[in-house]
Each structure stands twice: as C-alpha cells, then as structure tokens.
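Here is the structure we will look at.
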Amino acid sequence: MRHLARLADYCSITNMHTKNLAIVWAPNLLRSKQIESACFSGTAAFMEVRIQSVVVEFILNHVDVLFSAKLSSVIREGAGVFP
C-alpha cells in the first residue's frame with residue numbers, strides 16, 4: 001500500500017492519483033468470490049467494485065496513519081484488553 005501511495009505522489013507526471021490507482025488495484029487487493037461467481041449481475045458487480053475502490057482510495061489517502069508504528073502498537077496493546 002505504501003508503494004501505491006508513493007506512486008500517487010507522482011500523479012502530476014503519471015496522472016495516476018489515488019482514485020485512479022484505487023480503481024485499477026481494488027479488484028485485485030479486495031478480491032471477492034461473489035463478484036467472480038455467476039450469480040452477480042453486471043450492475044451488482046459494478047457496485048461492489050465501486051465500493052472496493054472507495055475503500056482502497058481511503059487506505060491510500062491515509063496510509064501513513066493506518067500503517068504507522070504508533071497505531072500498530074496501540075492496536076497490539078488494545079488487543080490484550082478485550083478477550
């Protein structure tokens with residue numbers, strides 16, 4: 001994710017800002033067996049991929065916070081509080 005966020009830093013050159021990167025990478029990063037199955041119609045599959053791209057875009061825009069060492073330590077400490 002950090003690599004993709006770094007790529008977004010060069011969007012003025014590549015035109016691949018976080019939204020474009022999310023659209024391209026979301027189906028691979030958040031792969032869904034339901035979308036791949038035949039039971040999803042075209043419209044439903046499109047909506048699912050759209051949700052995936054919004055999630056990936058959010059992650060790319062907040063990669064420094066989400067993957068920071070400080071947040072990781074808080075999560076680890078909090079995991080011991082609740083069984």
Report task. At 1.4 Å probe size, with no ligands or nucleic acids counted, give the accessible surface of E57 in Å², nearest ten. Result -> 40
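Please list R2, R31, R50 in order of solvent-accessible area, largest first, computed with a 1.4 Å probe with all protein chains present. Show your work: numbers first, answer last.
Values: R2 125, R31 170, R50 95 Å².
Per-residue accessible area, sorted high to low, gives R31, R2, R50.
Could you sort 15-25, 60-70 so that the peptide with the highest average Cβ count within 10 Å comes first and the rest follow in order? Please list the in-between numbers first.
Numbers: 15-25: 16.9, 60-70: 12.9.
The densest-packed peptide leads the list: 15-25, 60-70.
The values are calculated or read from the model by the stated rules, or taken from the named source; none is laboratory data. What you are looking at is a predicted structure, and each value in this text was computed from that prediction instead of being measured. Methodologically, a virtual Cβ is constructed for each residue, glycine included, from the backbone with ideal geometry; neighbour enumeration extends over all protein chains shown. Please note that ligands, DNA and RNA were not included when accessible areas were found on the heavy atoms of the full protein model with its side chains. Shrake-Rupley method; radii C 1.70, N 1.55, O 1.52, S 1.80 Å.
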